[in-house]
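Notes follow the structure.
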Amino acid sequence: MFARFFVILLFGISLFSCSKYYSITKYENKIPKWYVDDRETISKIYGKALGESESLEMANRKAEGLAVGNIVLKIKSQIDDVKNQYLADRYKKSDGKVKTLQQNDFEEKIVLAINGYEISQYRVSKKKIFKDKNNYKVFVEIEFNKKELFKALDKIN
């Protein structure tokens, strides 16, 4: 009897811990303040997006997918800054000496790698969910650590 109760209790706890709790607010034609303000740090890039759908799960997926696209666009538009930051970080770790020809060849490879880069790891830092008649509106902000990009660039020969 006790074993059966324990198994049911364990199942219930694991089911509850796996589910996500969403706070859903009625939409009143407002945008969260954090969604309007652009954050930027040296080590992270932030992407934001809005996803809308009749399904909460689809609205979440759309918002996160568009936010990842927003980060990729930022990386590509700031390609020179990212490249310079990476090179400064890389040569700080090594002896600091590099030939000009070597650096030009390496910079070209970095540009090609960044243009083809796909984000695989990110963290949702902020999320606000609204319900409007039949649609869910999900405002999301994700953060991407530049170290992940630098790890991928370190693999360039």
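Out of all the residues in segment 98-116, is one or more hydroxyl-bearing (Ser, Thr, Tyr) and modelled with pLDDT under 75? So that I can check it myself, show each step before the final result.
Within segment 98-116, the first condition is being hydroxyl-bearing (Ser, Thr, Tyr), and the residues that meet it are 100.
Of the ones still in play, those that are also modelled with pLDDT under 75 are 100.
Yes, segment 98-116 contains at least one residue that is hydroxyl-bearing (Ser, Thr, Tyr) and modelled with pLDDT under 75.
Between a first residue in segment 145-157 that is in contact (Cβ under 8 Å) with a residue 40 or more places away in the chain and a second residue that is surrounded by fewer than 15 Cβ atoms within 10 Å (Cβ to Cβ) and part of a helix (DSSP H, G or I), which pairs have beta carbons less than 6 Å apart while being 6 or more apart in sequence or on different chains?
Short answer, once both residue conditions are applied: Ile156/Lys109.
Residue by residue through segment 104-123, note down the ones that are in contact (Cβ under 8 Å) with a residue 12 or more places away in the chain, more than 14 Å from Asp154 (Cα to Cα) and not hydrophobic (A, V, I, L, M, F, W, C). Give the derivation first.
First, the residues of segment 104-123 that are in contact (Cβ under 8 Å) with a residue 12 or more places away in the chain: 106-107, 109-111, 113-115, 117-123.
From what is left, the residues that are more than 14 Å from Asp154 (Cα to Cα) are 115, 118-123.
Correct list: Asn115, Glu118, Ser120, Gln121, Tyr122, Arg123.
Of all residues in segment 116-132, which are among the charged types (D, E, K, R) and part of a strand (DSSP E or B)? Please lay out each step first, then the result.
Step one: list which residues in segment 116-132 are among the charged types (D, E, K, R), which gives 118, 123, 126-128, 131-132.
Listed by number, the residues that qualify are Arg123, Lys126, Lys127, Lys128, Lys131, Asp132.
Quickly run through segment 70-82 and pick out the residues that are more than 11 Å from the chain's Cα centre (by Cα) and farther than 28 Å from Asn29 by Cα.
Here is the first cut: in segment 70-82, the residues more than 11 Å from the chain's Cα centre (by Cα) are 73-82.
Result: Ile75, Lys76, Ser77, Gln78, Ile79, Asp80, Asp81, Val82.
Output the residue which, of all residues in segment 137-151 that are surrounded by fewer than 20 Cβ atoms within 10 Å (Cβ to Cβ) and either at pLDDT below 85 or of a type in the set (D, E, K, R) (or both), is farthest from Asp37 (Cα to Cα).
Lys151
Looking for something without any contact (Cβ under 8 Å) to a residue 40 or more places away in the chain, within 30 Å of Ile110 (Cα to Cα) and more than 13 Å from the chain's Cα centre (by Cα) - is there at least one such residue anywhere in segment 46-69?
For segment 46-69, residues without any contact (Cβ under 8 Å) to a residue 40 or more places away in the chain, within 30 Å of Ile110 (Cα to Cα) and more than 13 Å from the chain's Cα centre (by Cα): absent.
The values are calculated or read from the model by the stated rules, or taken from the named source; none is laboratory data. This is a predicted model, so every value here is computed, not measured. Cβ: placed from backbone, ideal geometry, glycine included. Neighbour counts: every protein chain shown.
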